[in-house]
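> Here you go, one structure.
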Amino acid sequence: MLQRTEGIVLRTLPYGEADLIVTYLSPDFGLLKLFAKSPRKIKSRFGSSLEPLTHSKIAFWGKEETNLPRLTQSDIIHSFHPIRDDLGCFLRVSEMLELTISFIPERDANRMVFLLLQNTLHDIENNSLPTDPENGGKGRSIIENLLINHYKIKFLKFAGFAPKLDACGKCGKNGYNFYISQGSILCEACTRSESSRNEVGLLIKISPAVSQIYNDLLTWDIAKIKRIKPSNMLISELSEILNMHIRYVLSKPLKCKSFMPCL
């Protein structure tokens, strides 16, 4: 059965001498793994359409129960090559791609996640500041990190794994003690209750500013987010909390983290 959709390339894996297994995020099929015949040959008809981040119209052939349908067509809609050309930016964006692959089930359509990724990539491409030699490109990195953290928060919400940082997850009272094992803030009373059962685990003190920006990113769209200018320290604190939460849920860190210790 021939089927058509569009997709953004999240990952490619070599298969044999010249073939690839391509992982797409699509609006109609969710995560979609396809077999691409001979794209690594010089005269491949797929050209550069299988590069990571490339958004294309695709067609694939295979029965519904086939684990690895065959990619038959791939026509580029948008390549996002400026992101790929900037190593630092690409490594930061890779965190979004790995997060998506790690949480989204295969063949589980989620149009909201697809649009979130598509819109975030466009905003990173269009709104990152050009490198300023006087500040070492710090302005650009802040904008990129803000957009990437927005993606992570919204994505976790859509996937059903968002941490609760606005109030106690048990009773709804205010608090700033975030417990990794609970995925939530706990107030003092609920902390004592959980402690009696040895179910609290690692505690992270979060600041009111982090709680506020988290809830802003959780509820605002990108147009509003681009108006705020949080400090690097605030974004770093928020990012660390999200990374620890993700690492706990997955029981392992994201692999891309090992490639960007200084980013």
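> Count charges around Ile124 for me, please; just the other residues with Cβ under 9 Å from its Cβ, Lys/Arg as +1, Asp/Glu as -1.
-2
> Would you indicate which of (1) 148; (2) 133; (3) 157 is the value of volume of the Cα convex hull per residue in Å³ derived from the coordinates of this structure?
Among (1) 148; (2) 133; (3) 157, the one calculated here is (1).
> Taking the Cβ of Ser184 as the centre, find all other residues whose Cβ is under 10 Å away and add up their charges (Lys, Arg: +1; Asp, Glu: -1).
Once all neighbours under 10 Å are counted, the net charge is +1.
> Work through the residues other than Lys157 whose Cβ is under 14 Å from its Cβ and net out their charges, Lys, Arg +1 and Asp, Glu -1.
That sum, taken over residues with Cβ under 14 Å, equals 0.
> Right, something else. Report, by chain and number, residues whose modeled amide H sits under 5 Å from the one on Ile180, excluding near sequence neighbours (fewer than 5 apart, same chain).
So Ile180 has HN proximity to Leu202, Ile204.
> Only Lys, Arg, Asp and Glu count, each charged at its Cβ (+1, +1, -1, -1), so figure out the dipole size of the chain about its Cα centre, rounded to 20 debye.
300 debye
> Here is a further query. Longest span of the chain, sites excluded, free of GluC sites (Glu not before Pro) in DSSP loop with at most 14 other C-beta atoms within 10 Å?
66-133
> Also: Sequence-distant or interchain residues sharing an amide H contact under 5 Å with Ala167, placed H: which?
Ile185
> Ok, one more. Modelled label-to-label distance, Gln212 and Ile77, 7 Å Cα→beta-carbon offset: nm?
3.8 nm
> Relative to the first principal axis of the alpha-carbon coordinates of the chain, what is the inclination of helix 111-127, with its axis defined by its Cα atoms, in degrees from 0 to 90 and to the nearest 10?
Here the helix axis deviates by roughly 90 degrees.
> Let me ask something additional. What does the highest-first list of 107-113, 88-94 look like by mean Cβ count within 10 Å? Mind showing how you got there, number by number?
Numbers: 107-113: 14.7, 88-94: 19.1.
Result, highest mean Cβ count within 10 Å first: 88-94, 107-113.
Here, each number is a calculation from the coordinates, and none is a lab measurement. Every value quoted in this text rests on a predicted model; they were computed, and no experiment measured them. Cβ atoms come from the backbone with ideal geometry, glycine included; neighbour counts cover every protein chain shown.
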